[in-house]
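Below is one structure, written out as structure tokens; comments come after it.
The values are calculated or read from the model by the stated rules, or taken from the named source; none is laboratory data. Computed from a predicted model, the values in this text were never measured in an experiment. All Cβ positions, glycine included, derive from the backbone under ideal geometry; neighbour counts span all protein chains shown.
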Amino acid sequence: MDALKRRLARLLAGGFGAGHAPVAPGTAGSIAAVLTGAGLMTVGPLALPCAALVASLGGLWAVEASGEARDDPGWMVIDEIAGQWITLLGLARPTPAGLLAAFAVFRLLDIAKPGPVGWADRQHGAAGVMADDLIAGALGAGILWAARTRFPRVFG
């Protein structure tokens with residue numbers, strides 16, 4: 001049972017394969033999240049928030065159960081998926097410009113790690129692995145929301 005639990009955890013933590021991209025697995029995870037997130041946004045108003053919550057909580061479990069929470073390996077992209085979905089919450093609807101902006105803003109925050117994102121990145125364990133991307137996602141959602149209030153036709 002432990003082997004099955006670990007395999008399931010690694011499958012979820014790896015973004016169902018997105019984390020095994022040969023180049024830039026974090027970016028691959030974010031691209032997968034933008035595409036699936038756009039689809040979720042068309043399902044109904046609660047689909048994306050619920051998916052983001054499940055990915056966040058499921059990610060905490062998966063990172064811990066994978067046995068590699070201490071190292072935050074590159075293949076582990078559930079944190080990018082959850083953070084990217086949170087960023088998408090700043091959009092009212094999926095427009096091409098909005099999706100591109102959501103991707104760019106999240107990746108910039110995830111890579112640059114300003115302020116609280118950098119602090120969270122230095123924490124240990126599953127919470128540390130997940131927290132920097134969740135905070136980057138919240139900041140990204142705020143940025144998109146502000147852009148949407150100024151340019152509603154562009155950002156949905």
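Which ones in the stretch 4-27 are within 12 Å of the chain's Cα centre (by Cα) and farther than 19 Å from ASP71 by Cβ?
Passing the criteria: only THR27.
Got a number for residues in the stretch 12-35 being touching a residue at least 24 places away in the same chain (Cβ under 8 Å) and part of a helix (DSSP H, G or I)?
16
From the list ALA92, ALA3, which one is surrounded by fewer than 24 Cβ atoms within 10 Å (Cβ to Cβ), among the aliphatic types (A, V, I, L, M), in contact with a helix residue (DSSP H, G or I) (Cβ under 9 Å, 6 or more places away or on another chain) and farther than 16 Å from LEU134 by Cα?
The match here is ALA92.
Select from the stretch 104-130 the residues that are among the small types (Gly, Ala, Ser) and within 17 Å of LEU89 (Cβ to Cβ) and list them in ascending order.
ALA104
In this structure, does GLY140 turn out to be surrounded by 18 or more Cβ atoms within 10 Å (Cβ to Cβ), assigned to a helix (DSSP H, G or I), of a type outside the set (Ser, Thr, Tyr) and over 14 Å from the mean Cα position of the chain (by Cα)? Quick ask: steps written out before the conclusion?
Details: surrounded by 18 or more Cβ atoms within 10 Å (Cβ to Cβ): yes; assigned to a helix (DSSP H, G or I): yes; of a type outside the set (Ser, Thr, Tyr): yes; over 14 Å from the mean Cα position of the chain (by Cα): no.
Considered against the rule, which asks whether it is surrounded by 18 or more Cβ atoms within 10 Å (Cβ to Cβ), assigned to a helix (DSSP H, G or I), of a type outside the set (Ser, Thr, Tyr) and over 14 Å from the mean Cα position of the chain (by Cα), GLY140 comes out as no.
Write out, first by first residue and then by second, each pair whose Cβ atoms fall under 7 Å of each other, whose residues are 6+ apart or on separate chains, and whose first residue, in the stretch 103-118, is closer than 16 Å to ILE81 by Cβ while the second is surrounded by 22 or more Cβ atoms within 10 Å (Cβ to Cβ) and among the charged types (D, E, K, R).
ASP110/GLU80; ASP110/ASP133
Do we have any residue at all in the stretch 102-125 that's crowded, with 21+ Cβ neighbours inside 10 Å, assigned to a loop (DSSP other than H, G, I, E, B) and touching a Leu at 6+ places or on another chain (Cβ under 8 Å)?
no
Which ones in the stretch 41-66 are surrounded by fewer than 20 Cβ atoms within 10 Å (Cβ to Cβ), farther than 15 Å from MET130 by Cβ and over 14 Å from the mean Cα position of the chain (by Cα)?
Result: THR42, VAL43, GLY44, PRO45, LEU46, ALA47.
Go through the stretch 41-88 residue by residue and tally those that are acidic (Asp, Glu) and at pLDDT below 95.
4
Would you check if GLY83 is assigned to a helix (DSSP H, G or I) and out of contact with any helix residue (DSSP H, G or I) (no Cβ under 8 Å at 6 or more places or on another chain)?
No, not satisfied.
Condition first: β-branched (Val, Ile, Thr) and modelled with pLDDT under 95. Now tell me which residues in the stretch 121-135 satisfy that.
Within the stretch 121-135, the subset β-branched (Val, Ile, Thr) is 129, 135.
Hit for the stretch 121-135 is VAL129, nothing else.
So ALA69 fits all but one of (1) part of a helix (DSSP H, G or I); (2) of a type outside the set (Phe, Trp, Tyr); (3) surrounded by 21 or more Cβ atoms within 10 Å (Cβ to Cβ); what number is the exception?
Answer for ALA69: the failing condition is (1).
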